[in-house]
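A.B. asks: Structure below; questions to follow.
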Amino acid sequence: MKAEAEAAEQRVPERHSIAGAEQVPSLGMMLFAFILTGLGTAMLGPLLPLLTRQWHLRDEQSGLLLLAQFCGSFLGGATISWRLKRGLLLGVSASSLGLFVFAISPGLSFACPALLLAGFGIGHSLTAVNILAGQRFSEKRASALSLLNFFWSFGAMLAPLLSGWLSPHVALPHLILALAVLFAICASGLALQMRTGFTESRPIEQVAEPGQRPGLLRTTFVFFMAMLFFYGGLETCLSGWLTTYAFRYGDKTLAISQYTTLLLWMSLTLGRIGSAGLLRKLPETFVWRLALLTTLLLTGCLMFAYTAATIALTAVCLGLSLSPWFPITLSLLMEQRPRARQAGIVIAVSGLGAAALPWLMGVLSTRSGSLQRALVVPVLATCVLLTLSLMRRATLAK
């Protein structure tokens, strides 16, 4: 009798309420986690010039910090299971611990393992929240995910803003410790919501309808992994190196260079709101491909930007062009009804791209003596994405 009751509970789908107040985690807690994961993901780029100067690092060594963070993010997303709510709690807890160790690290040898752990937590929690959101909001999913990812972008926008505002007055370890404390507060709130009589049922994607194939086909799985790999690398190449790029080729003031990265995240954040409305009127795939084409042109323009004003203007336009891409891709993925583990791996692969391509940029910059020349990496990544987007119909039909 008990087994039958448990089986029945697993077959009951969650209600798709935008309020989400009766669900665990609550919508407010999910949005808090979104903001923190955005802040944690984007914090390293604006701090990179400070760490480079403090630890006397070359570009290829600085790239190791990005490599460690986003390798951890990949591992975090790839190890997600259907226990998404517990996965979210694990993720924010690991982020808090990793950031604490990073804050007290004396050099690269300690900082890289700490960022690996912090990245693991960020990737684990970000993947859990995205899958939970994709399951809850089945109506107008791309628009809803675009609006929800606005909060992730808002957190990412806070990273350069707070860095530029606080770094002249607050010691670097204290800034990182403050972020670790915020993750700890989030973990405490989640634990409080989940402590009383909490049981986690399998998500509705785990229960296939009669005659419906479970999970993703292999070609579909590979297609989305390739898309997320190159997008994760593209976005992190731009956001991770933009402060350093603006510092070298634009304004020589570190604070102004950090605010250039802020412009990128601010326009991406505002673009997510605009995308939510735009996707209610235009086809997803049209907006998807237009965003990629615009990004390709703008990234090429950035290679030839030699003034602070030109770099800043290009950063604003890049943020707007990038804003609709991830929510649309996540929506297209969730339409294929992947298993939680499959969706987790696909989202996690973006962390692998975010680790590999910015590191490659650092290596090329050191070898060629020019960070401008190294921008060929995001240009080529955008070309690959545009090619893959044109292959989508044939690939998903198999």
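A.B. asks: Looking at (1) outside any helix (DSSP H, G or I); (2) among the hydrophobic types (A, V, I, L, M, F, W, C); (3) in contact with a Gly (Cβ under 8 Å, 6 or more places away or on another chain), which one does LEU263 not meet, given that it meets all the others?
C.D. replies: Here LEU263 meets the rest and fails (1).
A.B. asks: Evaluate the range 189-197: report whether one residue or more is closer than 29 Å to PHE110 by Cα, of a type in the set (S, T, N, Q) and modelled with pLDDT of 80 or more.
C.D. replies: No - not one qualifying residue is present in the range 189-197.
A.B. asks: Can you tell me how many residues within the range 369-391 are over 17 Å from LEU296 (Cα atoms) and either touching a helix residue (DSSP H, G or I) at 6+ places or on another chain (Cβ under 7 Å) or surrounded by 17 or more Cβ atoms within 10 Å (Cβ to Cβ) (or both)?
C.D. replies: First, the residues of the range 369-391 that are over 17 Å from LEU296 (Cα atoms): 369-371, 391.
In the following step, the residues that additionally are either touching a helix residue (DSSP H, G or I) at 6+ places or on another chain (Cβ under 7 Å) or surrounded by 17 or more Cβ atoms within 10 Å (Cβ to Cβ) (or both) were identified as 371.
Residues flagged as over 17 Å from LEU296 (Cα atoms) and either touching a helix residue (DSSP H, G or I) at 6+ places or on another chain (Cβ under 7 Å) or surrounded by 17 or more Cβ atoms within 10 Å (Cβ to Cβ) (or both) within the range 369-391 amount to 1.
A.B. asks: With respect to SER81, determine if the residue is polar (S, T, N, Q) and in contact with a Lys or Arg (Cβ under 9 Å, 6 or more places away or on another chain).
C.D. replies: Numbers: polar (S, T, N, Q): yes; in contact with a Lys or Arg (Cβ under 9 Å, 6 or more places away or on another chain): yes.
Answer is yes for this residue.
A.B. asks: Next up: Quick check on PRO338: is it under 20 Å from GLY77 (Cβ atoms), surrounded by 20 or more Cβ atoms within 10 Å (Cβ to Cβ) and more than 18 Å from the chain's Cα centre (by Cα)? Full working, then the answer.
C.D. replies: Details: under 20 Å from GLY77 (Cβ atoms): yes; surrounded by 20 or more Cβ atoms within 10 Å (Cβ to Cβ): yes; more than 18 Å from the chain's Cα centre (by Cα): yes.
Yes; evaluated as a whole, the condition is true for this residue.
A.B. asks: Among GLY91, GLY45, GLY87, which is in contact with a helix residue (DSSP H, G or I) (Cβ under 9 Å, 6 or more places away or on another chain), within 29 Å of VAL363 (Cα to Cα) and not in a loop (DSSP other than H, G, I, E, B)?
C.D. replies: Working: GLY91 fails: within 29 Å of VAL363 (Cα to Cα); GLY87 fails: within 29 Å of VAL363 (Cα to Cα).
Sole residue among the options that is in contact with a helix residue (DSSP H, G or I) (Cβ under 9 Å, 6 or more places away or on another chain), within 29 Å of VAL363 (Cα to Cα) and not in a loop (DSSP other than H, G, I, E, B): GLY45.
A.B. asks: Restricting attention to the range 307-315, does a residue exist that is in contact with a Phe, Trp or Tyr (Cβ under 9 Å, 6 or more places away or on another chain) and under 22 Å from CYS71 (Cα atoms)?
C.D. replies: No, the conditions are met nowhere in the range 307-315.
A.B. asks: Checking THR294 against (1) under 24 Å from MET361 (Cβ atoms); (2) modelled with pLDDT under 90; (3) not hydrophobic (A, V, I, L, M, F, W, C): exactly one of these is not met. Which one?
C.D. replies: (2)
A.B. asks: Identify all residues within the range 288-304 that are crowded, with 21+ Cβ neighbours inside 10 Å and in contact (Cβ under 8 Å) with a residue 40 or more places away in the chain; write none if there are none.
C.D. replies: As a first pass, look at the range 288-304 and keep what is crowded, with 21+ Cβ neighbours inside 10 Å: 288, 291-292, 295, 298-299, 302.
Matches in the range 288-304: TRP288, LEU292, THR295, THR299, LEU302.
A.B. asks: I would also like to ask the following. β-branched (Val, Ile, Thr), more than 17 Å from THR127 (Cβ to Cβ) and touching a Ser or Thr at 6+ places or on another chain (Cβ under 9 Å) - does that describe any residue in the range 343-360?
C.D. replies: No, the conditions are met nowhere in the range 343-360.
The values are calculated or read from the model by the stated rules, or taken from the named source; none is laboratory data. What you see is a predicted model, and the numbers here were worked out from it, not measured in a lab. Don't worry about glycine lacking a Cβ; one is built from the backbone with ideal geometry, like all the others, and counts go over all protein chains shown.
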